[in-house]
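First the structure, in the form of C-alpha cells, and then the observations on it.
The values are calculated or read from the model by the stated rules, or taken from the named source; none is laboratory data. What you see is a predicted model; the values in this text were computed from it and never measured. Glycine also receives a Cβ, built like all others from the backbone with ideal geometry; neighbour counts cover every protein chain displayed. For accessibility, only protein heavy atoms count, side chains too; no ligands or nucleic acids. Shrake-Rupley method; radii C 1.70, N 1.55, O 1.52, S 1.80 Å.
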Amino acid sequence: TLDNEDVPYDLGAYLYVTPDPSGHLTYKALLERHISGIRGDIIQGNILNTGSLSTPHWVIFTLNNQSWNENWVLSLGSNLEGGVGLIKDMFVFEHGTKTKIFDNVTSSQNPYVAETKMRGKYLPFKIEKGQKALIVMYLRGQQGVPTTIVPQIMSERAYAEHMAHSKATEYAMMGFLLIIMGFFAATIILKRIWSNALFILYYGMNCALL
C-alpha cells in the first residue's frame, strides 16, 4: 500500500517471480496463471538476481495507492546496487489501464499505449488515488553476466531526493577509485611494476559504470 509519498517502498517481498528458461511463456498465459492462483516465487530480501544465463524472468506485483500523490517512479536500483545496466530486454506494463510504462521488446506488436522513456534506471508512471495497479515486468539479462535489480517505488519528490543522494555517493566512490588508480599509476612510473596496469584497467572499468 502506497500511503506516504515521502519514503521509498522496497518491493522485494511483494514480487512474484517466474523464470522462463524455455522462453515460451506468454504475457496472457502468465496473467491467467497469476489470476487463477498459480503464482511465481517470492524472493528473499529486495535483490532480484536473474543469473548469468540470459534466462527470461517474469515479475508481477500489485500496488495500492492510498495517498494523494498520483505520480510515482519505479526504481530498478543504482549502479552501486547491481547490474541493472546489463538488462538486454525489458518491458513493464500496467495491466488494469493497459498502460505501457516501458518496452524495448515488442513496441510495434503490442496493444498497449502511453510509452514512457526510461530515465536511466527509473520509470515514471501514474496511479490514481484509491486505485490499484497490477504491474507485469519481463526481464532478460546479457549472456554470461550476472544481472540484478533492486526494485523500489517512490513518489517523484522522493525520487528527486534519492537521485541527489545517489549522485553524491557515486561521486564519492568515483573519487576513491581515481585515488586508487593514481596509486597504481605511480607504482608503474616510479617502480616499473607493469602488472599494476591491470588494476588500473579494472578500477577504470568500475569508474565507467558509475
**OP:** Could you compute the FRET efficiency for Q143 and T97, with r as their C-beta to C-beta distance and R0 at 41 Å, rounded to 0.05?
**Re:** 0.75
Subject >> Nonlocal amide H pairs with Q131, under 5 Å, H built at 1.01 Å >> reply: N65
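Between L178 and I42, what's the calculated FRET efficiency when r is the beta-carbon distance and R0 is 41 Å? Round to 0.05.
On the way: r = 41 Å, r/R0 = 0.99.
The pair L178/I42 has a calculated efficiency of 0.50.
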Subject >> Spacing of the two label points (7 Å from each Cα toward its C-beta) at L198 and T26, in nm >> reply: 5.1 nm
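Carbon and sulfur: what percent of the range 9-83's accessible surface (1.4 Å probe)?
53 percent
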**OP:** Of the listed pairs K98/K132; K88/K126; K28/K88; K28/K100, which have alpha-carbon separations greater than 18 Å here?
**Re:** K88/K126; K28/K88
Subject >> Space enclosed by the convex hull of the alpha-carbon atoms of the range 1-75, per residue, Å³ >> reply: 118 Å³
**OP:** In nm, give the distance between the simple-model label positions of I35 and D3, each being 7 Å from the Cα along the Cα-to-Cβ direction.
**Re:** 2.9 nm
**OP:** Just add up the charged neighbours of N64: K/R +1, D/E -1, any other residue whose Cβ is under 15 Å from the Cβ of N64.
**Re:** -2
Original post:
Could the peptides 10-19, 177-186, 151-160 be put in order, highest first, of the mean number of other beta-carbon atoms found within 10 Å of their residues?
Top reply: 151-160, 10-19, 177-186
Original post:
With Cβ to Cβ distances under 11 Å as the rule, what net charge do the other residues near L15 carry (K, R +1; D, E -1)?
Top reply: -1
